[in-house]
Amino acid sequence: MKVLVMGLGNLLMNDDAVGVLAVQELKKLYRDTDTLRIIDGGTLGLDLIHYLEWADKLIIVDGVNLNLPAGTVVRIEGEDINVVFESKLSPHQMGLKDILLAAELIDCRPSDIVLFGIQTKNIDMEMNLSEEVKNNLPKLLDHVSKEIESFLR
(Lines give C-alpha, C1' and ligand atoms only; values in the text may rest on other atoms or scores of the structure.)
Protein backbone atom coordinates (compact mmCIF):
# COMPACT_ATOMS: atom_id res chain seq x y z
CA MET A 1 0.00 0.00 0.00
CA LYS A 2 1.42 3.37 -1.07
CA VAL A 3 0.35 6.20 1.26
CA LEU A 4 0.46 9.84 0.19
CA VAL A 5 0.04 12.53 2.84
CA MET A 6 -0.76 15.86 1.22
CA GLY A 7 -0.95 19.10 3.17
CA LEU A 8 -2.88 21.91 1.53
CA GLY A 9 -3.15 25.59 2.24
CA ASN A 10 -1.82 29.07 1.76
CA LEU A 11 0.90 30.17 4.18
CA LEU A 12 -0.17 33.80 3.78
CA MET A 13 -3.75 33.24 4.96
CA ASN A 14 -3.53 32.59 8.71
CA ASP A 15 -5.42 29.36 9.57
CA ASP A 16 -5.54 28.28 5.93
CA ALA A 17 -1.82 27.51 6.33
CA VAL A 18 -2.46 24.70 8.81
CA GLY A 19 -2.27 21.83 6.28
CA VAL A 20 1.11 22.97 4.98
CA LEU A 21 2.43 23.59 8.50
CA ALA A 22 1.23 20.14 9.56
CA VAL A 23 3.09 18.32 6.79
CA GLN A 24 6.21 20.32 7.58
CA GLU A 25 6.04 18.86 11.09
CA LEU A 26 5.22 15.36 9.80
CA LYS A 27 8.30 15.45 7.56
CA LYS A 28 10.38 15.74 10.75
CA LEU A 29 8.84 12.47 12.01
CA TYR A 30 8.67 10.41 8.80
CA ARG A 31 10.98 9.95 5.86
CA ASP A 32 9.72 9.37 2.35
CA THR A 33 9.99 5.70 1.44
CA ASP A 34 8.78 3.36 -1.30
CA THR A 35 5.41 3.24 0.50
CA LEU A 36 5.08 6.70 2.09
CA ARG A 37 5.33 10.20 0.66
CA ILE A 38 4.54 13.41 2.50
CA ILE A 39 4.14 16.49 0.32
CA ASP A 40 3.37 20.17 0.68
CA GLY A 41 0.60 20.56 -1.88
CA GLY A 42 0.22 24.24 -1.07
CA THR A 43 -2.27 25.68 -3.54
CA LEU A 44 -1.14 23.71 -6.60
CA GLY A 45 -4.49 22.14 -7.58
CA LEU A 46 -4.34 20.09 -10.79
CA ASP A 47 -0.54 20.16 -10.76
CA LEU A 48 -0.76 17.53 -7.99
CA ILE A 49 -2.44 14.84 -10.11
CA HIS A 50 0.78 12.95 -10.84
CA TYR A 51 1.18 12.34 -7.10
CA LEU A 52 -2.27 10.74 -6.99
CA GLU A 53 -1.29 8.33 -9.76
CA TRP A 54 1.33 6.91 -7.39
CA ALA A 55 -0.89 6.55 -4.30
CA ASP A 56 -3.25 3.82 -3.12
CA LYS A 57 -4.24 5.82 -0.04
CA LEU A 58 -4.48 9.59 0.17
CA ILE A 59 -4.44 11.46 3.47
CA ILE A 60 -5.31 15.13 3.01
CA VAL A 61 -4.51 17.62 5.78
CA ASP A 62 -6.21 20.99 5.50
CA GLY A 63 -8.11 23.79 7.17
CA VAL A 64 -11.88 23.46 6.78
CA ASN A 65 -15.00 25.53 7.28
CA LEU A 66 -17.73 23.28 8.69
CA ASN A 67 -19.25 25.82 11.08
CA LEU A 68 -17.73 24.06 14.09
CA PRO A 69 -15.91 25.68 17.01
CA ALA A 70 -12.52 26.99 15.85
CA GLY A 71 -9.78 24.41 16.31
CA THR A 72 -12.08 21.38 16.07
CA VAL A 73 -10.28 18.46 14.40
CA VAL A 74 -12.34 16.29 12.05
CA ARG A 75 -11.76 13.07 10.11
CA ILE A 76 -13.80 12.71 6.93
CA GLU A 77 -13.67 9.78 4.53
CA GLY A 78 -14.56 8.82 0.99
CA GLU A 79 -17.31 10.63 -0.85
CA ASP A 80 -18.06 12.86 2.16
CA ILE A 81 -14.84 14.71 1.27
CA ASN A 82 -16.50 16.08 -1.87
CA VAL A 83 -19.22 17.65 0.29
CA VAL A 84 -16.61 19.45 2.42
CA PHE A 85 -15.18 21.14 -0.65
CA GLU A 86 -18.59 22.28 -1.92
CA SER A 87 -18.18 25.34 0.31
CA LYS A 88 -14.67 26.55 -0.42
CA LEU A 89 -12.51 27.93 2.35
CA SER A 90 -9.98 29.20 -0.18
CA PRO A 91 -9.16 28.79 -3.87
CA HIS A 92 -7.03 25.64 -3.45
CA GLN A 93 -10.06 23.69 -2.26
CA MET A 94 -11.79 24.15 -5.59
CA GLY A 95 -8.57 22.80 -7.07
CA LEU A 96 -8.76 19.76 -4.82
CA LYS A 97 -12.33 19.05 -5.83
CA ASP A 98 -11.24 19.30 -9.47
CA ILE A 99 -8.17 17.15 -8.98
CA LEU A 100 -10.18 14.37 -7.33
CA LEU A 101 -12.70 14.46 -10.14
CA ALA A 102 -9.96 14.47 -12.77
CA ALA A 103 -8.23 11.56 -11.02
CA GLU A 104 -11.49 9.64 -11.06
CA LEU A 105 -12.02 10.37 -14.76
CA ILE A 106 -8.57 9.07 -15.69
CA ASP A 107 -8.87 6.16 -13.25
CA CYS A 108 -6.10 7.14 -10.86
CA ARG A 109 -8.12 8.33 -7.86
CA PRO A 110 -6.71 6.59 -4.79
CA SER A 111 -9.05 3.87 -3.55
CA ASP A 112 -8.88 5.15 0.02
CA ILE A 113 -9.10 8.88 0.83
CA VAL A 114 -9.20 10.48 4.27
CA LEU A 115 -9.31 14.17 5.09
CA PHE A 116 -8.05 15.41 8.42
CA GLY A 117 -9.27 18.95 8.80
CA ILE A 118 -9.21 21.57 11.46
CA GLN A 119 -11.90 24.22 11.71
CA THR A 120 -10.41 27.59 10.90
CA LYS A 121 -11.18 30.82 12.68
CA ASN A 122 -9.38 33.43 10.59
CA ILE A 123 -8.14 33.31 7.00
CA ASP A 124 -7.09 36.94 6.66
CA MET A 125 -3.67 37.59 5.15
CA GLU A 126 -1.62 38.07 8.31
CA MET A 127 0.46 34.85 8.38
CA ASN A 128 -0.53 33.87 11.95
CA LEU A 129 -2.49 30.86 13.17
CA SER A 130 -5.35 31.66 15.52
CA GLU A 131 -4.82 30.47 19.10
CA GLU A 132 -7.55 27.82 18.66
CA VAL A 133 -5.90 26.30 15.60
CA LYS A 134 -2.37 26.62 17.03
CA ASN A 135 -3.44 24.92 20.27
CA ASN A 136 -5.04 22.01 18.39
CA LEU A 137 -2.30 21.49 15.82
CA PRO A 138 -0.67 18.80 18.04
CA LYS A 139 -4.02 16.96 18.15
CA LEU A 140 -4.28 17.14 14.35
CA LEU A 141 -0.72 15.80 14.01
CA ASP A 142 -1.49 12.97 16.43
CA HIS A 143 -4.54 11.88 14.42
CA VAL A 144 -2.64 11.98 11.13
CA SER A 145 0.33 10.10 12.64
CA LYS A 146 -1.98 7.35 13.90
CA GLU A 147 -3.52 7.06 10.43
CA ILE A 148 -0.05 6.80 8.85
CA GLU A 149 1.04 4.20 11.40
CA SER A 150 -2.04 2.07 10.78
CA PHE A 151 -0.99 1.65 7.15
CA LEU A 152 2.73 1.20 7.74
CA ARG A 153 2.24 -1.91 9.87
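The values are calculated or read from the model by the stated rules, or taken from the named source; none is laboratory data. Everything numeric in this text was worked out from a predicted model, so none of it was measured. We place every Cβ from the backbone using ideal geometry, glycine too, and count neighbours over all the protein chains shown.
Filter region 108-128 for residues that are under 17 Å from VAL3 (Cα atoms) and of a type outside the set (A, V, I, L, M); which is modelled with the highest pLDDT?
Filtering first and then ranking leaves PHE116.
I'm trying to understand the selection: among the residues of region 32-58, which are in a loop (DSSP other than H, G, I, E, B), under 14 Å from the mean Cα position of the chain (by Cα) and either crowded, with 18+ Cβ neighbours inside 10 Å or touching a residue at least 60 places away in the same chain (Cβ under 8 Å) (or both)?
Within region 32-58, THR43 is the sole residue that qualifies.
Give the number of residues within region 6-31 that are under 22 Å from ASN135 (Cβ atoms) and either out of contact with any strand residue (DSSP E or B) (no Cβ under 8 Å at 6 or more places or on another chain) or not in a helix (DSSP H, G or I) (or both).
Count: 11.
If you take the residues in region 59-89 that are of a type in the set (Val, Ile, Thr), modelled with pLDDT of 80 or more and surrounded by 21 or more Cβ atoms within 10 Å (Cβ to Cβ), which one is farthest from the chain's Cα centre (by Cα)?
This residue is VAL64.
Out of the residues in region 132-153 meeting the condition of being aliphatic (A, V, I, L, M) and under 17 Å from the mean Cα position of the chain (by Cα), tell me which one is nearest to ASP112 (Cα to Cα).
ILE148
Restricting attention to region 18-31, which residues are without any contact (Cβ under 8 Å) to a residue 40 or more places away in the chain and either buried (at least 17 other Cβ atoms within 10 Å of the Cβ) or hydrophobic (A, V, I, L, M, F, W, C) (or both)?
VAL20, VAL23
Filter region 1-31 for residues that are more than 14 Å from the chain's Cα centre (by Cα) and aliphatic (A, V, I, L, M); which is nearest to LEU152 (Cα to Cα)?
Among residues in region 1-31 that are more than 14 Å from the chain's Cα centre (by Cα) and aliphatic (A, V, I, L, M), the one nearest to LEU152 (Cα to Cα) is MET1.
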